[in-house]
Structures are given as structure tokens and as C-alpha cells.
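Novice: Here's a structure for you.
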Amino acid sequence: MKPGELKMLTAGELIERFREVSARHGRLLNARNTRAANKEYDLAAALRAELRARGAEVQEPILRLLTDPEQGTRYWAATAALGFAPDEAARTLSALSAPPLSLMGLSASMTLEEWKSGTLKVE
């Protein structure tokens, strides 16, 4: 999916696509299928950028994803929410970082550390 195509999606379609891709990314990363996970990462990042560009319209649906059953979805939703709901996002990242640690949990831990130190740019 090309970035221009993302702009054509409704807010609901965008959230659903984000949920699907982020879940797939998390499963692939935890399975150590890094090549496939990297492809999903690029799409998840593009979807997150489009969600951020949509602003308030998608904030509540993003917050609902913080409790999704999929680790990857919770992680990506938290990274999307850091800019507008930092406390909720940080709690989600912290929970993902708790043992037993997975690769998604390691990513969450590193993201949380970078955010707390001020080196992670959030929009």
C-alpha cells in the first residue's frame, strides 16, 4: 500500500488496517521472522504516520487498541498515542516490557526508555 492510498481510507478502515498490520508485525517479530517483520514495520510506520496526521478523529480508536489481545497492536497503538495520551501509552509500554520478555516487549522497553530520556520524537 502506497502512502497516497492511505489518505483515501476512512478513519475506520485506517484503524482496522493498522490493527491488522501491527498484530502481524508483532507475531512475526516474536517468531524471529525478521525479514517479514521488517516489511510489516514499514507499513505499520506509514499507517501510524497517517493516523497521527488525522488527529483527534482517530485518537479514541487508537486508545481502544491499547487493550487489544495482540502484543504488536498494543505496542504500535502505544507509540501512536505517546503524543496525545502519554500516561496511557507509557503504561501500555511498561506492561509489554514486563517478564516474560518477548521481542515485542524488548521493543516496548527500548521505546519507553527513549521516550523518558527525551530522545524519541513523538508527534
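The values are calculated or read from the model by the stated rules, or taken from the named source; none is laboratory data. None of the values given here were measured: they were computed from a predicted structure. No Cβ is skipped: glycine too gets one built from the backbone with ideal geometry, and neighbour counts run over all protein chains shown.
Yes/no matrix, rows are residues, columns are (1) under 25 Å from ALA11 (Cβ atoms); (2) in a loop (DSSP other than H, G, I, E, B); (3) of a type in the set (A, V, I, L, M, F, W, C):
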{"site": "GLU50", "(1), (2), (3)": "yes, no, no"}
{"site": "ALA56", "(1), (2), (3)": "yes, no, yes"}
{"site": "GLN59", "(1), (2), (3)": "yes, no, no"}
{"site": "THR73", "(1), (2), (3)": "yes, no, no"}
{"site": "ALA77", "(1), (2), (3)": "yes, no, yes"}
{"site": "ALA89", "(1), (2), (3)": "yes, no, yes"}
{"site": "MET104", "(1), (2), (3)": "no, no, yes"}
{"site": "SER107", "(1), (2), (3)": "no, no, no"}
{"site": "LEU120", "(1), (2), (3)": "no, yes, yes"}
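Novice: Among the residues of region 10-50, count how many are of a type in the set (A, V, I, L, M), within 22 Å of ALA85 (Cβ to Cβ) and in contact with an Asp or Glu (Cβ under 9 Å, 6 or more places away or on another chain). Full working, then the answer.
Specialist: Here is the first cut: in region 10-50, the residues of a type in the set (A, V, I, L, M) are 11, 14-15, 21, 23, 28-29, 31, 36-37, 43-47, 49.
Narrowing further to those that are within 22 Å of ALA85 (Cβ to Cβ): 11, 14-15, 21, 23, 44-47, 49.
Filter once more, so that each one left must be in contact with an Asp or Glu (Cβ under 9 Å, 6 or more places away or on another chain): 11, 14, 21, 23, 49.
Residues meeting the conditions: 5.
Novice: Additional query: Can you confirm whether ALA95 is over 20 Å from GLY12 (Cβ atoms), surrounded by fewer than 19 Cβ atoms within 10 Å (Cβ to Cβ), at pLDDT 95 or above and among the hydrophobic types (A, V, I, L, M, F, W, C)?
Specialist: So ALA95 fits the description; yes.
Novice: Hey, among ARG24, ARG17, ARG32, ARG54, which residue is out of contact with any strand residue (DSSP E or B) (no Cβ under 6 Å at 6 or more places or on another chain) and on the phi > 0 side of the Ramachandran plot?
Specialist: Values: ARG24 fails: on the phi > 0 side of the Ramachandran plot; ARG17 fails: on the phi > 0 side of the Ramachandran plot; ARG54 fails: on the phi > 0 side of the Ramachandran plot.
Residue meeting the stated conditions: ARG32.
Novice: With (1) within 19 Å of ARG19 (Cβ to Cβ); (2) modelled with pLDDT under 95; (3) of a type outside the set (Asp, Glu) as the list, and ALA89 as the residue in question, which single condition is left unmet?
Specialist: For ALA89, the exception is condition (2).
Novice: If you go through region 12-38, how many residues are loosely packed, with under 14 Cβ neighbours inside 10 Å and part of a helix (DSSP H, G or I)? Quick ask: steps written out before the conclusion?
Specialist: Going through region 12-38, the residues loosely packed, with under 14 Cβ neighbours inside 10 Å turn out to be 12-13, 16, 31-35, 38.
Pick out the ones that are also part of a helix (DSSP H, G or I) and you get 12-13, 16, 34-35, 38.
Matching residues across region 12-38 total 6.
Novice: Now a separate question. Give region 98-123 a look and list any residue that's touching a residue at least 40 places away in the same chain (Cβ under 8 Å) and either farther than 20 Å from ARG27 by Cα or crowded, with 19+ Cβ neighbours inside 10 Å (or both), or say none. Give the steps one after another, and end with the answer.
Specialist: Our first condition is that a residue be touching a residue at least 40 places away in the same chain (Cβ under 8 Å); within region 98-123, this holds for 102-104, 107, 122-123.
If the condition is that a residue be touching a residue at least 40 places away in the same chain (Cβ under 8 Å) and either farther than 20 Å from ARG27 by Cα or crowded, with 19+ Cβ neighbours inside 10 Å (or both), then MET104, SER107, VAL122, GLU123 are the ones that fit.
Novice: Yes or no: ARG64 without any contact (Cβ under 8 Å) to a residue 60 or more places away in the chain, basic (Lys, Arg), assigned to a helix (DSSP H, G or I) and more than 24 Å from ALA53 (Cβ to Cβ)? Break it down into steps so the answer makes sense when it comes.
Specialist: On the way: without any contact (Cβ under 8 Å) to a residue 60 or more places away in the chain: yes; basic (Lys, Arg): yes; assigned to a helix (DSSP H, G or I): yes; more than 24 Å from ALA53 (Cβ to Cβ): no.
The answer is no for ARG64.
Novice: Could you say whether any residue in region 60-75 is surrounded by fewer than 17 Cβ atoms within 10 Å (Cβ to Cβ), under 24 Å from GLY4 (Cα atoms) and modelled with pLDDT of 95 or more?
Specialist: Restricting attention to region 60-75, the residues satisfying the condition of being surrounded by fewer than 17 Cβ atoms within 10 Å (Cβ to Cβ) are 60, 64, 67, 69.
From what is left, the residues that are under 24 Å from GLY4 (Cα atoms) are 60.
From the residues that got through so far, the ones that are modelled with pLDDT of 95 or more too are 60.
Checked region 60-75: at least one residue is surrounded by fewer than 17 Cβ atoms within 10 Å (Cβ to Cβ), under 24 Å from GLY4 (Cα atoms) and modelled with pLDDT of 95 or more.
Novice: Could you tell me whether ARG48 is under 12 Å from the mean Cα position of the chain (by Cα), under 20 Å from LEU6 (Cα atoms) and of a type outside the set (Phe, Trp, Tyr)?
Specialist: Values: under 12 Å from the mean Cα position of the chain (by Cα): yes; under 20 Å from LEU6 (Cα atoms): yes; of a type outside the set (Phe, Trp, Tyr): yes.
Answer is yes for this residue.
Novice: Also, quick follow-up: ALA44: surrounded by 13 or more Cβ atoms within 10 Å (Cβ to Cβ), without any contact (Cβ under 8 Å) to a residue 12 or more places away in the chain and either under 19 Å from ALA89 (Cα atoms) or touching a Leu at 6+ places or on another chain (Cβ under 9 Å) (or both), yes or no?
Specialist: Details: surrounded by 13 or more Cβ atoms within 10 Å (Cβ to Cβ): yes; without any contact (Cβ under 8 Å) to a residue 12 or more places away in the chain: no; either under 19 Å from ALA89 (Cα atoms) or touching a Leu at 6+ places or on another chain (Cβ under 9 Å) (or both): yes.
In short, no.
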